[in-house]
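The values are calculated or read from the model by the stated rules, or taken from the named source; none is laboratory data. Fair warning: this is a prediction, and the values are worked out from it, not measured in the lab. We place every Cβ from the backbone using ideal geometry, glycine too, and count neighbours over all the protein chains shown.
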Amino acid sequence: MPPNQWDSSLYDDKHNFVTRHGEDLLQLLAPQPGERILDAGCGTGHLTAAIAASGAVAVGMDNSPEMLAKARECYPQIEFVPGDVTDFSFPQPFDAIFSNAALHWVRAAEDAARCMARALRPGGRLAVEFGGAGNILHIAEAVRAAILHVTGRDQPHQWYFPSIGEYAAVLERSGFQVEAAWLFPRWTPLEGDTGIRDWIRMFRGGMIGPLTSTEFEEVLRLAEDSLRGVLYRDGRWHAGYKRLRVCARKVLH
Ligand code: BEZ
């Protein structure tokens, strides 16, 4: 499944922790009434709606038609537009850009940073959170080993999980000043006995290329077996997330 094709219902039903955790980032954004704020990679739009509830003029942007359809259905009063964070522009500048759990899908981080800087007014702020260095390390390694075993192909994952230093340098090269950055673990419980399989199925676009359905089922089985000792604790599956959270400001000149 290519990364921009999503099952938006599965995303909301079984992975709603993505939205719940984004609420901390909202506090750092501190949206003000009347501000124009872009939610880049808005998914199903719940956080865009939370930004709008503060009185800001929120615009949600995503490159997935399925996510946008769901966002528009849930929040018809909010503007949601199709767009790629590495190649977008708007006629009017934004006061702030927010992005939760989206930028690890964007390997062209320099392009995204340049576009975000261009879309902000001078002094405008950026509040982003996504997977950082070491994110979901065990899952990625288990799936990679399983694919190698089943197909003989070595297939590293395709996500972008930078360190604080790497990402700060990307932002600075694009005209941002980084004001604060954190890299921290988030041990995240998954739902149900099939939690780890559901997670891999949902996000397979970033780590699994073309496989027959038999191969895929075998990859799931092997990965689940090897992860049980690490990620199954107290009767529940978990994902070992590492979040990179950054607040930055577009320099004034
Ligand atoms: C994350 O939120 O860190 C993430 C989600 C899906 C795939 C990879 C990373």
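Quick look at the values:
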quantity	calculated
Residue in the range 208-228 that is in contact with a helix residue (DSSP H, G or I) (Cβ under 9 Å, 6 or more places away or on another chain), surrounded by 17 or more Cβ atoms within 10 Å (Cβ to Cβ) and not in a helix (DSSP H, G or I) present	yes
Residue in the range 178-195 that is buried (at least 21 other Cβ atoms within 10 Å of the Cβ), at pLDDT 95 or above and within 16 Å of the chain's Cα centre (by Cα) present	no
Breaking point among (1) closer than 24 Å to GLN27 by Cβ; (2) surrounded by fewer than 22 Cβ atoms within 10 Å (Cβ to Cβ), for TYR167	(2)
Some residue of the range 123-133 being farther than 26 Å from GLY195 by Cβ, part of a strand (DSSP E or B) and basic (Lys, Arg)	yes
Any chance ARG114 is in contact with a helix residue (DSSP H, G or I) (Cβ under 9 Å, 6 or more places away or on another chain), of a type in the set (D, E, K, R) and at pLDDT 95 or above	yes
Subset of the range 57-71 (residues that are farther than 10 Å from ASP39 by Cβ and either surrounded by fewer than 16 Cβ atoms within 10 Å (Cβ to Cβ) or of a type in the set (Val, Ile, Thr) (or both))	VAL57, PRO65, ALA69
Leading residue by the ranking (nearest to ARG125 (Cα to Cα)) among those in the range 153-202 that are more than 16 Å from the ligand (Cβ to nearest atom) and assigned to a loop (DSSP other than H, G, I, E, B)	GLY175
Any hit, the range 244-252, residues being of a type in the set (Lys, Arg) and crowded, with 19+ Cβ neighbours inside 10 Å	yes
Residue satisfying condition, being outside any loop (DSSP other than H, G, I, E, B), at pLDDT below 95, within 16 Å of the chain's Cα centre (by Cα) and within 12 Å of the ligand (Cβ to nearest atom), within set GLY205, GLY240	GLY205
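The rows are residues; the columns are (1) among the β-branched types (Val, Ile, Thr); (2) without any contact (Cβ under 8 Å) to a residue 24 or more places away in the chain.
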position: LEU171; (1), (2): no, no
position: ARG186; (1), (2): no, no
position: ILE200; (1), (2): yes, no
position: THR214; (1), (2): yes, yes
position: ARG243; (1), (2): no, no
